[in-house]
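J.: Attaching a single structure in structure tokens format; questions to follow.
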Amino acid sequence: MRRNEFQLRVNWGDTDKAGIVYYPNYFKWFDIAGHQFFRSAGLSPAELAVNKQIILPLIDVRCTFEQPLYYDDIITIKTVVAEINNKTIKLHHDVYRGDTRTGTGYELRGWVKETEGKIKAVPIPDEVKDILREDRPAENNQINPWLSA
């Protein structure tokens, strides 16, 4: 399945009073990683919305926290397609500091068409499934490898 990875720096505002990354930031990073993944696969969510009226709403998310992260850590988020169903895509995310995995989880996103203010899940086109099933890294057009999120 297609995969992508990118890096970002942990900001001071991402930490709690103890100086450890506050857990909701993993969900923010998963969201960023999902959008970055789709962009790098040529399926920009913004372009899908404008050109095809397709949106990719979050249906389910889960994260297991394994090791703490701290201010100024450089993390790598590795994303891979875990599942493609008729109307949903599951992305698996692993977060690393160096070689240490600090968290793991997934996002389940719908393939949803917006028409006249109403939304409805629709089948994912075969050509999109083919792109997502390719066993290769997605194109990485990241200008700044340490995104500040």
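J.: Output the number of residues of the stretch 118-149 satisfying the condition of being open to solvent by 70 Å² or more (accessible area, probe 1.4 Å), modelled with pLDDT of 90 or more, more than 17 Å from K78 (Cα to Cα) and outside any strand (DSSP E or B).
T.: Adding up the residues that qualify gives 4.
J.: Sticking with this one: Pairs, please: C-beta under 8 Å, at least 6 apart or cross-chain, first residue of a type in the set (S, T, N, Q) and in the stretch 33-49, second assigned to a helix (DSSP H, G or I)?
T.: Sorted first by the residue in the stretch 33-49, then by its partner, the pairs are S44/F38.
The values are calculated or read from the model by the stated rules, or taken from the named source; none is laboratory data. Because the structure is predicted, anything quoted here is derived from the model rather than measured. Cβ atoms come from the backbone with ideal geometry, glycine included; neighbour counts cover every protein chain shown. When the accessible area is computed, the model is the full protein with side chains, heavy atoms only, and any ligands, DNA or RNA have been set aside. Shrake-Rupley method; radii C 1.70, N 1.55, O 1.52, S 1.80 Å.
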